[in-house]
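Here is the structure we will look at, set down as structure tokens.
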Amino acid sequence: MAIQGEITDDPHPLLSALREQGYVILRSVLSPSELAALRSAASRLTATARSGGWPHVRVVGKQFPPWDASLVREGRAGIWGMQHLLHPDLPVGEAEAGEEEDTRAVFARLYFHERLLTVARELLSIPSSSEDGRGEEQGEEGKLTMELFNMLVRPSGPGVSEDEPFALRWHRDDIPATATAEEEAARLKKPGEPYVHAQWNLPLYDDDSLVVVPGSHARPRTDAERAAGPYEEHIPGQITVELKAGNVVFYDNNILHRGVYDVKKERMTLHGSVGHVEGSQERARNVLQHGVGQWVDRCDFSVLGEGKQRRTAEAMRRRLVQLGRENEGKDVGFSLDG
């Protein structure tokens with residue numbers, strides 16, 4: 001298992017682990033106060049979403065976008081996630097006693113957290129100096145692009161059984177199960193090919209829901225994997241990614257993976273990605289299929305103050321706005337169906 005802190009002479013150990021295994025784990029990314037604030041904000045948003053008060057939700061009974069939020073409002077389906085945690089219309093939610101910031105500010109600070117962006121820069125082969133927040137003002141070329149920020153939660157409500165796990169089917173995020181071995185090989189990263197986005201899960205409570213097949217991000221599926229059912233309980237080589245609250249796993253989104261949730265166990269896992277500006281066209285479908293281009297130009301990151309984090313956030317947002325403009329009027333479609 002690839003874990004931060006192992007002794008190595010490799011100047012880029014996280015990137016090497018990602019290339020080799022398809023995932024890498026970092027321990028204790030958050031301080032206790034940051035974790036507490038995020039739990040509070042996540043709880044407020046989850047309660048609002050379960051009651052039908054937030055329209056951007058992942059609806060039980062459907063794994064991939066688009067989702068029909070009216071099913072939740074009408075009490076015909078539960079949820080297993082929420083989308084768009086950086087949305088300008090996200091319910092603010094009053095900070096509880098002893099807390100300094102509202103829901104929107106807490107989530108924004110996490111997405112643009114320097115520890116996460118530092119890892120993303122290594123994985124995307126971006127020198128830190130090019131992302132110092134003043135780079136564009138000084139004529140330096142910024143590279144990081146804002147992408148997606150969602151949350152995966154304990155499934156509940158209509159369509160969820162209390163007697164069995166809630167399971168998602170095996171998949172790669174941007175390659176359909178119908179792809180041939182040749183088509184998979186063409187879409188997967190080649191050895192040494194630069195990454196153009198970094199995807200991560202960060203649980204606010206201990207989480208063992210993510211199941212992956214290490215190394216599968218770098219090869220087409222085996223005969224056994226192709227023959228397996230979509231909800232196959234065991235595929236040769238699979239492992240469960242066990243994370244403590246405040247840890248984070250970065251992973252190649254085309255690793256063969258699935259989710260298996262214990263519906264009796266609390267789950268609030270932040271699920272995000274950041275991109276590399278040079279990979280914008282490759283990422284257009286995977287990002288814009290979620291509808292982020294419809295609201296990103298209205299984002300207000302004034303909650304971040306006037307320092308480096310705010311400048312970085314605004315620069316990353318501008319690059320996503322540009323991606324939306326470049327694809328305006330185009331049908332980018334959806335990566336997967338079902």
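The values are calculated or read from the model by the stated rules, or taken from the named source; none is laboratory data. Note that this is a predicted model, so its numbers are computed, not measured. Cβ atoms come from the backbone with ideal geometry, glycine included; neighbour counts cover every protein chain shown. Accessible surface is based on the protein model in full, side chains and every heavy atom, while ligands, DNA and RNA are left aside. Shrake-Rupley method; radii C 1.70, N 1.55, O 1.52, S 1.80 Å.
The table for this structure:
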quantity	calculated
Among the residues listed as L14, L26, the single one being over 24 Å from D174 (Cα atoms), in contact (Cβ under 8 Å) with a residue 60 or more places away in the chain and in contact with a helix residue (DSSP H, G or I) (Cβ under 7 Å, 6 or more places away or on another chain)	L26
Residue check, V29 of a type outside the set (S, T, Y), under 25 Å from H257 (Cα atoms), at pLDDT 95 or above and touching a Phe, Trp or Tyr at 6+ places or on another chain (Cβ under 6 Å)	no
Strands (runs of 3 or more DSSP E) within region 1-82 that include 2 or more residues farther than 23 Å from R154 by Cβ and open to solvent by less than 10 Å² (accessible area, probe 1.4 Å)	23-26
Among residues of region 74-92, those that are in contact with a strand residue (DSSP E or B) (Cβ under 8 Å, 6 or more places away or on another chain) and farther than 20 Å from T145 by Cβ, counted	6
Residue satisfying condition, being modelled with pLDDT of 85 or more, open to solvent by 20 Å² or more (accessible area, probe 1.4 Å) and assigned to a loop (DSSP other than H, G, I, E, B), within set D331, D337, D300	D300
Spans of strands (runs of 3 or more DSSP E) in region 184-282 with at least 3 residues crowded, with 20+ Cβ neighbours inside 10 Å and either at negative phi or modelled with pLDDT of 95 or more (or both)	197-203, 207-212, 248-251, 257-261, 268-276
Residues being touching a helix residue (DSSP H, G or I) at 6+ places or on another chain (Cβ under 9 Å) and without any contact (Cβ under 8 Å) to a residue 40 or more places away in the chain - total across region 155-191	2
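The rows are residues; the columns are (1) over 18 Å from the mean Cα position of the chain (by Cα); (2) closer than 23 Å to D300 by Cα.
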position	(1), (2)
A36	yes, no
S40	yes, yes
V57	no, yes
P65	no, no
V72	yes, no
R76	yes, no
M82	no, yes
